[in-house]
Amino acid sequence: MQKYPNENQGKPSPLPYEEIPYQLSNEELLKIDKERLDNRIFPAAARLDRRGRIINPQQFIIADKGAAIDRLVVGRTFWLESSGTPGRIGVRVLKSRKPSVTGKRYVLVETLSGEELVHLEDTETQIYTGPTSPNSIGVIHPGTSNPDGRDHSGQINSYGVASLVIPLLNNGIQIQQTAQIAAYENDAALGTATIAVLDSGIRFTTPTPRLTISSDISWDFVSDDNTPEGDPFPVDNHYGLHGTKICSIIKRVAPEVGILPVKVSNQNGQLSLYDALCGLEFARTHGARVVNASWSFTSNGNNRPEEDFPLLLRAIRDLEESGVVVVAAAGNRNQYTPAANGHIGLNGAPNIYPACYSSIQDNVVTVTTIVQGATPPFSVFENFSSEFVDTGALTNGIASTPIGEFRIPGFIGSYRGSSFATPYVAAQIARILSSTPGYISKRAMLHRLREFHEESCLSSEIRNGGSYVVV
């Protein structure tokens, strides 16, 4: 089996998984992944497009409200015809989800004969009931046909990552004390859902959660074991328990904050744009005030944030209209290209979403990791950008903890990554919003964080003066 190159290769891992190195670009990830005979991370059809996105060119997402899109039910076949391509392309509906009665429906279609659908992003496309039937049941509008892409209703399916890992054949143990692992069953019983954790799910502490937990309090959009709509029990099967670690940090910082776990990434830490969109809509319509997004979709660094993932941007703006704040991870240093040295969008480094929406969206807060030193007294340990990064979390001041790593309640050892800096800020923002009626600006919200500091030495790496919080 082809292994991912790793700077620690040959050294025994104390954990039951191995992290895929951060310095791999999307192109390198796909190349190595295609060489693997098992445990593939991405689908066989996945490729890199001209925007630098990892896409499935044979799958297309349609998003809309109303009776027309409700007719696109799972298993049915339809035909698409765009103004830029003669003839009609047959597609089959793979998934059709409406996360709430009054919300938006997302439909995932796949071509019947392997044709590529990327061109549909830029052209108006008619949906027909048959190959020769004149009956049109809807229109897919490109973003360019509407101001700011506001009603953009179609996009190629893409892939992002949270914490990419591969399993190891050992008996490594990562959980130290089950009692310290954040359980959300009490939140479910109380109907509390302040912060939605869109991740790999959560480790249940109740042996039979189906008897005590309502489907309004959580959802699994990945497994599809029982129904194409998903499953109400988001069990964390990620080899590194990524989602559970996020939830444990939140419960440590703000134990009174209710968690809404929404599973959008799989056991390897990979997620599809389709599942992420469904998760965001579920969070928006089920009472969340904050979304923790410790994951990213990427594109070329020279692209404008409005261009790359229009459906994702539309979902973020829907959340803003509903008063929901998205707290996003900035990504990890040397992720995708060592030449950038952690600088988002520089020297070939890609734009990272939703993190890069912080420059155009007041409801997106992007978080990195901060460490303390001598000269300068504080510095950014993970990704940075004076355009995209809003604040950082100062790592635990414990002598035995390696520089730039966090200790997580209930887990052995320590862990690095902006993924774990993000929930420290998200939990505090959830606490602020729970006690604050009405609108509060991002800057005002940041200044109300506990142990908030501004340092001039961070001003070239973090927006608005360079701030961090003590965790």
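Estimated from the Cβ-Cβ distance and a Förster radius of 22 angstrom, the FRET efficiency linking residue 256 and residue 321 is about 0.25. Summarising the label geometry, the points placed 7 Å from Cα in the beta-carbon direction at residue 113 and residue 450 lie 6.2 nm from one another. Exposure proxy shown here: for 453, 343, the number of other Cβ atoms within 10 Å sets the order, fewest to most, as 453, 343. Restriction of the GluC sites (Glu not before Pro) in region 403-471 to DSSP coil positions whose beta-carbon has at most 16 other beta-carbons within 10 angstrom yields 451.
In a fully extended conformation the segment linking residue 35 and residue 359 would gain 112.9 nm over its present Cα-Cα distance, using 0.36 nm per residue.
Computed packing ranks the peptides 437-443, 39-45, 406-412 as 406-412, 39-45, 437-443, most packed first, by mean other Cβ atoms within 10 Å. How much FRET efficiency would the formula 1/(1 + (r/R0)^6) give for residue 347 and residue 470, where r is the Cβ-Cβ distance and R0 is 22 Å, rounded to 0.05? That pair, residue 347 with residue 470, gives E of 0.10. Rounded is the label for region 47-159, because the ratio a/c of its alpha-carbon gyration tensor axes (a ≥ b ≥ c) stays below 1.5. Angle, helix 418-434 long axis vs. longest principal axis of the chain, Cα atoms, 0 to 90°, nearest 10? With rounding to tens, the tilt is 90 degrees. Which shape class, rounded, prolate or oblate, goes with region 162-470 when its Cα gyration tensor gives a ≥ b ≥ c as root eigenvalues, a/c under 1.5 marks rounded, and past that a/b bigger than b/c marks prolate? It is rounded, given that a/c, with a ≥ b ≥ c, falls under 1.5. A straight chain from residue 136 to residue 44 at 0.36 nm per residue would run longer than the Cα-Cα distance by 29.9 nm. Counting 0.36 nm for each residue step from residue 439 to residue 401 and taking away their Cα separation leaves a gain of 9.8 nm.
For the cross-link pairs 251/442; 65/263; 34/104; 34/95; 104/442, the ones whose C-alpha atoms lie over 29 Å apart are 34/104. Mind running the shape call on region 226-294? Use the C-alpha gyration tensor, a ≥ b ≥ c as the square roots of the eigenvalues: rounded below 1.5 for a/c, prolate if a/b tops b/c, oblate otherwise. Verdict is oblate for region 226-294. Around the amide H of residue 54, modelled in the peptide plane, lie the amide H atoms of 159, 298, all under 5 Å away and 5 or more residues distant in sequence or on another chain. Applying 1/(1 + (r/R0)^6) with r as the Cβ-Cβ distance of residue 375 and residue 122 and R0 = 41 angstrom yields a FRET efficiency of 0.25.
Couplings 3J(HN,Hα) for region 275-283, derived from phi with the Karplus relation 6.51 cos²θ - 1.76 cosθ + 1.60 (θ = phi - 60°), are 5, 5, 4, 4, x, 5, 5, 4, 4 Hz, where x marks Gly and Pro.
Sequentially through region 242-254, phi angles give Karplus couplings (6.51, -1.76, 1.60; θ = phi - 60°) of 4, x, 5, 4, 4, 5, 5, 5, 4, 5, 6, 6, 9 Hz, Gly and Pro residues having no value and appearing as x. This ranking places 291, 74 by how few other beta-carbon atoms lie within 10 Å of each, fewest first, which gives 74, 291. If both residues of a DSSP beta bridge must be in region 162-470, then about 35% of such bridges are antiparallel.
All of the numbers you see were taken from the coordinates with simple rules; none came from a lab. Since the model is a prediction, treat every value here as computed from it, not as a measurement. So basically every Cβ, Gly included, is an ideal-geometry build from the backbone, and we count neighbours across all protein chains shown.
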